[in-house]
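The values are calculated or read from the model by the stated rules, or taken from the named source; none is laboratory data. Just so you know, these numbers come straight off a predicted model, no measurement behind them. Don't worry about glycine lacking a Cβ; one is built from the backbone with ideal geometry, like all the others, and counts go over all protein chains shown.
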Amino acid sequence: MKKKLITILMIICIVVAVGCGGYLAYYYIVSARSEGAVDQLREQIGQDITDNSMDPDNDSDTKNSDMVEVNGIKVQKKFATLYKENPDFIGWLTIADTHIDYPVMYTPSSKEGGEYYIHRNYEGDYSAAGLPFIDSNCQIEPATDNVIIYGHNMNAGTMFHDLLQYEDQNFYESHQTFTFDTIYGDGEYEVVACFRAQILPDDSDAFKYYEFVNAGSEEEFLTYVDEIKKMSIVDTGVDVQYGDKLITLSTCAYHVTDGRFAVIAKKIQ
């Protein structure tokens with residue numbers, strides 16, 4: 001009887017191990033496919049830049065201009081093809097020396113709100129990794145006081161997983177800025193604060209970094225800045241003034257239920 005029980009337990013363990021291994025293999029294959037698709041989008045940007053500079057039909061004024069009209073909207077030439085293929089594309093986010101080098105999507109009018117790409121790829125097909133996307137309450141042109149971008153914290157190390165490197169002061173010191181280039185223009189941002197947080201109940205009066213989009217007054221803006229600096233894990237010493245434009249990068253963290261990790265930066269004028 002004892003031997004039979006041990007055999008059954010061993011079989012169960014083997015089945016569980018095979019199942020877990022299969023899931024992990026699938027998870028990493030999906031992540032690799034997602035990254036491969038993003039690589040193709042990145043290559044298209046480079047191709048658009050090259051094609052524009054070499055096109056003999058472009059006069060000097062056209063070549064010197066960074067903008068082109070696509071579907072009635074003036075967009076940066078380097079993003080023309082991507083925008084033409086998918087008008088939900090709004091820009092490209094890059095943090096040096098990390099995996100964070102992705103297109104950012106914006107769907108404020110869709111029935112799913114800003115979260116349309118939470119589990120979709122660029123073509124709109126299902127993808128566990130999804131794509132970084134902007135909170136539907138935010139606006140890009142003209143920009144709201146704060147633009148919030150969400151991305152998954154993937155165990156494979158992709159999407160916004162590397163945001164958590166900002167918990168290390170040394171990493172922050174060597175990565176104090178990052179870029180978010182939109183279809184309307186390029187942008188460089190200086191990191192102001194990095195912290196762990198939590199999604200709180202709607203009726204909670206506690207500070208919620210993820211609810212701030214536009215300040216109703218200078219006092220409200222500066223109060224928000226003061227709160228995020230108090231929460232910051234790293235000491236940035238960056239000065240923020242009323243009128244500065246902020247960007248928030250937010251991903252999941254697992255220190256508590258509904259945990260989050262956020263990096264907030266200001267646009268360099």
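Annotations
- When Y242 is tested against the conditions (1) under 26 Å from Y106 (Cβ atoms); (2) surrounded by 14 or more Cβ atoms within 10 Å (Cβ to Cβ); (3) touching a helix residue (DSSP H, G or I) at 6+ places or on another chain (Cβ under 8 Å); (4) free of Cβ contacts under 8 Å to residues at least 60 places away in the same chain, the lone failure is (2).
- Residues that are under 19 Å from V147 (Cα atoms) and either buried (at least 21 other Cβ atoms within 10 Å of the Cβ) or in contact with an Asp or Glu (Cβ under 7 Å, 6 or more places away or on another chain) (or both), drawn from the stretch 89-102: F89, I90, G91, W92, L93, T94, I95, I100, Y102
- Single residue of the stretch 83-136 satisfying the filter (of a type in the set (V, I, T) and part of a loop (DSSP other than H, G, I, E, B)) that is nearest to M67 (Cα to Cα): T107
- Q169 being within 27 Å of Y224 (Cβ to Cβ) and free of Cβ contacts under 8 Å to residues at least 40 places away in the same chain: no
- Total residues in the stretch 150-192, condition in a strand (DSSP E or B), farther than 11 Å from V263 by Cα and in contact with a helix residue (DSSP H, G or I) (Cβ under 7 Å, 6 or more places away or on another chain): 1
- Residues of the stretch 75-90 satisfying the condition of being touching a residue at least 40 places away in the same chain (Cβ under 8 Å) and more than 15 Å from D48 (Cα to Cα): F89, I90
- From the list E167, E227, E190, the lone residue that is surrounded by fewer than 19 Cβ atoms within 10 Å (Cβ to Cβ), of a type in the set (D, E, K, R), out of contact with any strand residue (DSSP E or B) (no Cβ under 6 Å at 6 or more places or on another chain) and closer than 15 Å to N146 by Cβ is E227.
- Among the residues making up the stretch 66-82, those that are over 24 Å from S136 (Cβ atoms) and assigned to a strand (DSSP E or B) are M67, V68, E69.
- Qualifying residue in the stretch 106-126 (condition: in contact with a Gly (Cβ under 8 Å, 6 or more places away or on another chain) and at pLDDT below 95): yes
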